[in-house]
1. Compute the length gained on full extension between A453 and S549: take 0.36 nm times their separation in residues and subtract their Cα-Cα distance, giving the result in nm to one decimal.
2. Excluding N385 itself, what net charge comes from residues whose Cβ is under 10 Å from its Cβ, given Lys and Arg +1 and Asp and Glu -1?
3. Ordered by residue, what ³J(HN,Hα) values in Hz, to whole numbers, does region 435-446 give under the Karplus form 6.51 cos²θ - 1.76 cosθ + 1.60, where θ = phi - 60° and Gly and Pro are x?
4. Calculate, in nm to one decimal, what T576 and H64 gain on full extension: separation in residues at 0.36 nm each, minus their alpha carbon distance.
5. From largest accessible area down, sort M353, M70; use a 1.4 Å probe on the protein chains.
6. For S557, enumerate residues with amide H under 5 Å from its amide H, sequence gap 5+ or separate chain, H modeled in the peptide plane.
7. Rounded to the nearest 0.05, what FRET efficiency do S416 and Q133 have when you use their Cβ-Cβ distance and R0 = 51 Å?
8. Using heavy-atom solvent-accessible surface (probe 1.4 Å) with all chains present, what is the largest-first order of K449, K372?
Amino acid sequence: MQDTLSPWWTGVQDAARLLASQLNAAVTRAAETGEYTPPPGSQPPRRRRRPASLRHLAEVIRSHRLAPGMSVDKDDIAAVLGGELRAVTNPVLVVAVARATHLVAGEPFGDRDADRLVVACAHVRALIDTARQADEQAARASHSVAITLYADPDPDPDADADADAGRPVREPVVIDAYFTTRRPGRPRALIAGAVGLILVAAAVTLVVLRGPASGGQPAATASPVDAPAVVTPREHGHAGNEYRSARPLQDALDHGYTSVETAVVLRNGSLALCPRPEGATCGEQPFPAAYLQGLNARVSAAGGRVYPGYHQPVLLFVEIRCAEAADGCRLPVNPAEAAADENNPLLVARQLMSALTPYRGMLFHTDSEGRKWGPVQLVVTGSHNDDQVPSGAGGHDSVRGLLSRQGDTYAFLDGSFGVDRDLYNADLVPVISVPDPAFGANCAYDSGKSIQAVHWDDIATAQNTGHHVRVTHPAGCPDREDSWLDAIYAGVDYLSAGQLSPLSTWLGENAVGGGGGNCAVPSWIAAKRVHGQYCTLVTGDVPVMTEPSDTSARAGSLAGNGAHWFVGQQRGELYTYRTATNFWWAYTQADNGQWGWVSLAYFTSPGRDQPADGLQYGCYDVRPGEPDNCHPF
C-alpha cells in the first residue's frame, strides 16, 4: 500500500499539477485551433499530423530556438505536461512549451506571460526546498518514534533526482467535508467530516514579479504582509473590520479568508485606515501601504495568486467613511464647500480610484472587451454609496454614478437586493450584501427569520444574474453557528463573524471545497471567439441540455473527458450522476455546435449542491452592459 504524502509534499504536487494544468489547457486550445506545419527545410509528412502533439511542440521549440542551450524532445514536453518536478522547475523549458503552444494556436505570448511562468516555476522550487526542510525537522522531532522516511541521496537541488515524487511520511487521516444547500422545508443535518489539519511552519521564498505593462507597480519587498504559508482557503469566509488587530490583513490571510474588509477616510488629501466604528478616532496608517502593497506582495510571492492554486479573486471591501465626527457625516450647507469637503464620499471614492492605478496588474477589472481576471477584486462598500451629494459645478452625484462611468472598471460596487437583485449588472456590482435578518435588537436571534427563510428567492435571483451574495454580521453580537449553518443552506457565498478564528475553524470542518472541476482562470478560446474557463470532466459522453434541467431537450454532448471550457454557471434543477448530486450547471458549446448546460455532477471531485470555485456566475464572456443570462451566444 502506498504511503500517504505529507502535507508539505502534497503542496508541492498540487503546485506542480496546477502549473501543468495551465499548460495542458494551452495545448488543448492549440490542438483545437492550430495547424501542423513541418519544420523549415523539411518535407511535408506523408500523412496528416495532429497539431500541438508532443512531437509537433518539440519541433516548434527546436526550429524557433525557444529553449536556448537545450535539446528538447517529446519526452521533455511530456514531463512538463505531466507535472514532473524536474521539468516544471525548469523555467526555460516551461516557457518554451508555453511559447510553442501559443505559436501553434496563433495567440500572442508576451514577456509578462513568460514572467508569470518563471514565478510559478520558482514557487514550485521554493515549495520543494521548504518540504525538504520540513522532512528534516520531522525526522529530528520523531527520533523516538519508528517512522521510515525516504532519504534524499543527492542534496544538490539542481540535480535530476529532485524530480522524484514527494517523500512519504505518516500523517493523520483527512476526511473531506462537504455541505448541502436546500430550500426551506427540507431540514436535515449538515453532513461534514472531521478535517485534520497540520500546520507547516515554513514560509515560501519571496519572488518579485516584474512590474506590469501599464507601468510602475510598486515593489513587493516593502510589504508589511508575510509570504504565504501553508493554509487552506476558506471559500466562504469574509473578514470584517477587525480594529482590535494590529495586522488585520495578515490575520485574515493567516486564517484563509477569501474576502477581507477595511474602512477609509480622507485626511489631508490622503486615504487613511479607519476600521473603528464611525465617529471614533481614526489612526494615521495609510490605506495603500497597509492593503494594496500587502496584497501585491502576497500575489508576487504566491505565483500570481493570493493563495497558491486558488483561482477565484480575493475580494477587498473598502468602506467609505467620514472623518471623526461625533454626530456622523455632515457636509457644509454651501454646495461648493460641500463638494470640496473631505467628508464628501465622492472625493474619497475618486482618491481610492487614483490609489489603485499602480496596482492594476493584480486587479480584476472590466474593459471594452469584457471582464479580465485578476487575483484581487476591490469592492467599494458602505452606507453612502447611493447618497446624492454635491459634486461641483452646481450638480449632484453618487458613488454608484461615479463608479459606473469608469472607462475601465477597477473599483466595483457593493450592491443591495432592493436595487440590484434582478439586474444584469455584475460588471459593476459583483456582490450584493445583506444583513442577517435573524438578528434583532440587542442581538436577539430569531430562527424564524433566518436568511434561508427570508431571502432564498432573492439569493437565487441574484446569483443567476451574476452576483455573489454576502451576509453581514451585526457588530458587537456574539457569533452563532446556527446562523452560519443557515447561510450555507441558503447558498450564501460569503459569511462574516465577530471573531476570525471560530468562523475559520467552523468553515474548515463544515464547508471545505467547492463544486469540483479544478477550473482554471479565464482564457481566450480562439476557435469560439469567447473567454472561457477550462474545467475537468470526470467522464465522456456528457449530455449538454438546452436549459439547466434534466427535463429539458438535449442540445448535444461532449464526447471526451478531461479539460473542457465553460463560460459560466448558474443554478438550475437538481441532477444526479452516479453518486454526485448538484443543482448548479455550467454553460458551454456541445460538440455539434449547439450551446447548452452541463451539470456540475459531471465535474471531477464534485461537492454536493455547490458551485464550482472560481467559475464565473452568470457568463464570463458577457460584455459590460449586456444581459448576463448566457444566451446571447
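1. 32.2 nm
2. Local charge sum for N385: -3.
3. Running phi through 6.51 cos²θ - 1.76 cosθ + 1.60 with θ = phi - 60° gives x, 5, x, 6, 8, x, 5, 6, 6, 5, 10, 10 Hz.
4. Gain on extension, T576 to H64, equals 179.5 nm.
5. Numbers: M353 50, M70 70 Å².
The residues order as M70, M353, largest area first.
6. Counting only residues 5 or more places away or on other chains, the set is V544, D591, N592.
7. 0.55
8. Numbers: K449 110, K372 45 Å².
Final ranking, largest accessible area leading: K449, K372.
The values are calculated or read from the model by the stated rules, or taken from the named source; none is laboratory data. As the structure is a computational prediction, the values presented were derived from the model and not from experiment. Glycine gets a Cβ as well: all are built from the backbone with ideal geometry, and neighbour counts include every protein chain shown. When the accessible area is computed, the model is the full protein with side chains, heavy atoms only, and any ligands, DNA or RNA have been set aside. Shrake-Rupley method; radii C 1.70, N 1.55, O 1.52, S 1.80 Å.
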